[in-house]
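Have a look at the structure below, then the notes.
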Amino acid sequence: MQITPTTLDSLVSLTKRRGFVFQTSSIYGGLANSYDYGPLGVELLRNIKNLWWQTFIHQREDMVGLDSQILLHPKTWVASGHTTAFNDPLVEDLVTQKRYRADHLIEEWQEKNNQTSETKPEEMNVAGMGSYIEKHKIPSPDGNPVSPPKVFNLLFETSIGAVSGEKSVVYLRGETAQGIFTNFTNIKNSTRIQLPFGVGQIGKSFRNEVTTGQFVFRTLEFEQAEIEYFFDPETEDWQKLFEDWKQAMWTFVTKTLGISEENLRWRRHTDTERSHYSKDTYDLDYKFPFGWKELWGVAYRTNYDLTQHQTHSGESLEAADAENTRRFIPHVIEPAVGINRLFMMVLAEHYWEDSEKSRTVLRLPAQLAPYTVAVFPLARNKPELIAAAKAIYKQLVMEVPTTWDDRSNIGKRYLYQDEAGTPYCVTVDYQTLEDNTVTIRNRDTTEQIRIASDQILKYLKKNS
Ligand code: GAP
């Protein structure tokens, strides 16, 4: 299911109405590029993270996990090259002084003016973008002339120390990856794992982004799920490992998250676009409501990072081969994804306006849905019905994510659960009091069947 740009507004409004996503600090007018995740959103995010962790950490013998700090020693970011090379090219609107990404301005102008066959911004350097903007007189989104592009660093700076003048500068991490590199020796020495092996981590990263209007796609603060897969370049073929990781990413997105293949594509980074540390990078792009955009990147970072940290720290970050005859700095393949982008993709993909039945449905796979089942008493003023429904609810909630609703009428409860993405609704009615059966309604077909109440769990497990 693919939604169009015109229905993006409807999706955003559903996420607010049903408590998936709220604008951060909305009572103060909001904070640009910042969102909070409400009661349903936090469950969906958690389900995505758990599935990622199960798939890539728990179910692989060659992977372990890590949870490193957001604030690292500031030398980390000097060694990694982020203090100098982690930049975006920005132009300034000469009237409003608002800043925009030069590459985004060119991309949008090319699409609007049917110039998509021209050189793409990812193939231009900063000077090239400046000349292109000048040549085509590309204005800001407000229609004003813009300055030539300049590079701005994306790292957020803060400081440690309470006393003014004695503070030292630190950075909010711009990627979770660096905590993995700086812990390489700790992990190698404290576990029984041997090369090739990977370390995965999920955590917050921060970037001083200026682009607005892309909902949770691009935010200042976001969650990354990153893997550094370490290997010996003399015994492993990096291209084979790279292909294996591409396949693992593809399988996770299509099979586990239920995304259709026609909404996915691979795109190789151009030489000018590739990050300073990478020898080869591919993006797995998703067809978001505002076009094809990067979902998940995979890069061959070589031994760039470990070498840099070894040089800057003076500590050896080498490993030995299996026979302990050769020492070397391992190379890495890095699959890196934003959990919030997976979240947005999942919502866009499974959002469905059912015109026949005048309802909106989030057709989430059961393993992603915030709740697997909702339990209702047919009427709220009948204590016997409430008691029977509560007993079923209490039993189910210990086994699967279950919610309770006894407000308003059954029709409204169904519509609410359709928008919440709940695959099944169980209703306890007068017949339940006689023969212990309930109705169970399927979210996607709206069909209802009657089953014995002690069979609900079996039914849910079989059909989810
Ligand atoms: N360690 C490599 C790295 O950080 P990246 O391509 O800059 O590479 C990896 O980021 C992933 O993090 C992206 O593919 C995207 O899913 C997510 N991401 C990056 N910037 C983001 C932002 N401002 N908001 C939300 N997600 C973001």
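Structure values in brief
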| quantity | calculated |
| --- | --- |
| Residue in region 93-107 that is loosely packed, with under 12 Cβ neighbours inside 10 Å, assigned by TED's automatic domain parsing to the domain that holds residue 140 and touching a residue at least 12 places away in the same chain (Cβ under 8 Å) present | yes |
| Test: residue 428 is at pLDDT 95 or above and either among the small types (Gly, Ala, Ser) or open to solvent by 10 Å² or more (accessible area, probe 1.4 Å) (or both) | no |
| Single condition residue 24 does not satisfy, out of (1) surrounded by 15 or more Cβ atoms within 10 Å (Cβ to Cβ); (2) farther than 26 Å from residue 363 by Cβ; (3) touching a residue at least 40 places away in the same chain (Cβ under 8 Å); (4) not basic (Lys, Arg) | (3) |
| Filtered residue count, region 117-139, keeping only those that are free of Cβ contacts under 8 Å to residues at least 12 places away in the same chain and in contact with an Asp or Glu (Cβ under 9 Å, 6 or more places away or on another chain) | 1 |
| Residue match in region 117-126 (condition: open to solvent by less than 50 Å² (accessible area, probe 1.4 Å), among the basic types (Lys, Arg) and not assigned by TED's automatic domain parsing to the domain that holds residue 169) | no |
| Members of region 428-445 found to be under 35 Å from the mean Cα position of the chain (by Cα) and assigned to a strand (DSSP E or B), listed by number | 440, 441, 442 |
| Complete set of residues in region 279-303 that are away from the ligand (no atom under 11 Å from the Cβ), more than 23 Å from residue 232 (Cβ to Cβ) and open to solvent by 30 Å² or more (accessible area, probe 1.4 Å) | 287, 290, 292 |
| Hey, residue 228 within 22 Å of residue 298 (Cα to Cα), of a type in the set (Asp, Glu) and within 16 Å of the ligand (Cβ to nearest atom) or not | yes |
| Enumerated strands (runs of 3 or more DSSP E) restricted to region 308-383, each holding at least 1 residues that are surrounded by 20 or more Cβ atoms within 10 Å (Cβ to Cβ) and within 16 Å of the ligand (Cβ to nearest atom) | 331-338 |
| Residue within region 157-170 that is open to solvent by less than 30 Å² (accessible area, probe 1.4 Å) and outside the structural domain of residue 93 (by TED's automatic domain parsing) present | yes |
| Scan of region 381-413 for residues that are of a type outside the set (Lys, Arg) and within 16 Å of residue 423 (Cα to Cα), ordered by number | 393, 396, 397, 399, 400, 401, 402, 403, 404, 405, 410, 411 |
| Top-ranked residue in region 138-184 [being of a type in the set (A, V, I, L, M) and more than 30 Å from residue 124 (Cα to Cα); ranked as nearest to the ligand (Cβ to nearest atom)] | 180 |
| Of residues in region 259-312 being under 18 Å from residue 242 (Cα atoms) and among the small types (Gly, Ala, Ser), the one modelled with the lowest pLDDT | 275 |
| Of residues in region 431-464 being among the hydroxyl-bearing types (Ser, Thr, Tyr) and surrounded by 13 or more Cβ atoms within 10 Å (Cβ to Cβ), the one nearest to residue 43 (Cα to Cα) | 464 |
| Scope region 436-459; condition without any contact (Cβ under 8 Å) to a residue 60 or more places away in the chain and hydroxyl-bearing (Ser, Thr, Tyr); matching residues | 437, 439, 445, 459 |
| Options 333, 392, 329; residue that is aliphatic (A, V, I, L, M), under 23 Å from residue 458 (Cβ atoms) and at pLDDT 95 or above | 392 |
| Boolean, residue 86 is touching a residue at least 40 places away in the same chain (Cβ under 8 Å), within 30 Å of residue 313 (Cα to Cα) and open to solvent by 50 Å² or more (accessible area, probe 1.4 Å) | no |
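This table checks each residue for (1) over 21 Å from the mean Cα position of the chain (by Cα); (2) over 19 Å from residue 422 (Cα atoms); (3) of a type outside the set (Ser, Thr, Tyr).
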| position | (1), (2), (3) |
| --- | --- |
| 13 | no, no, no |
| 20 | no, no, yes |
| 31 | no, yes, yes |
| 40 | no, no, yes |
| 57 | no, yes, yes |
| 61 | yes, yes, yes |
| 69 | no, yes, yes |
| 82 | yes, yes, yes |
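The values are calculated or read from the model by the stated rules, or taken from the named source; none is laboratory data. None of these values were measured; they are calculated from a predicted model. No Cβ is skipped: glycine too gets one built from the backbone with ideal geometry, and neighbour counts run over all protein chains shown. Calculation scope for accessible area: heavy atoms of the full protein, side chains included, ligands and nucleic acids excluded. Shrake-Rupley method; radii C 1.70, N 1.55, O 1.52, S 1.80 Å.
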